[in-house]
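Presented below is the structure to which this report refers.
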């Protein structure tokens, strides 16, 4: 999961919570990066639903 926020403390809290429930949480920086995250989500929907690749379609980020 990604977390983007201009409030670094809030972002870190969300990242910690995400990790605590099993996500590989990744800091996406400031809120201006949320626009790219939304585009990535939209692209994933296009791949899965519109192009018929199924609901288990997704991206894997290696860091």
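Key figures
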| quantity | calculated |
| --- | --- |
| Given (1) over 10 Å from the mean Cα position of the chain (by Cα); (2) surrounded by 10 or more Cβ atoms within 10 Å (Cβ to Cβ); (3) part of a helix (DSSP H, G or I), number of the condition residue 40 does not satisfy | (1) |
| Condition broken by residue 6, with the remaining ones in (1) surrounded by 13 or more Cβ atoms within 10 Å (Cβ to Cβ); (2) in contact with a helix residue (DSSP H, G or I) (Cβ under 9 Å, 6 or more places away or on another chain) satisfied | (1) |
| Residues (closer than 18 Å to residue 23 by Cα and surrounded by 10 or more Cβ atoms within 10 Å (Cβ to Cβ)) located in the stretch 45-57 | 57 |
| The stretch 1-15: number of residues that are over 19 Å from residue 62 (Cα atoms) and outside any loop (DSSP other than H, G, I, E, B) | 7 |
| Which numbered condition residue 34 misses (of (1) surrounded by 13 or more Cβ atoms within 10 Å (Cβ to Cβ); (2) at pLDDT 95 or above; (3) part of a loop (DSSP other than H, G, I, E, B)) | (3) |
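The values are calculated or read from the model by the stated rules, or taken from the named source; none is laboratory data. Treat the numbers as computed from the prediction; the structure is a model and nothing was measured. Note that each Cβ is placed from the backbone with ideal geometry, even for glycine, and that neighbours are counted across all protein chains shown.
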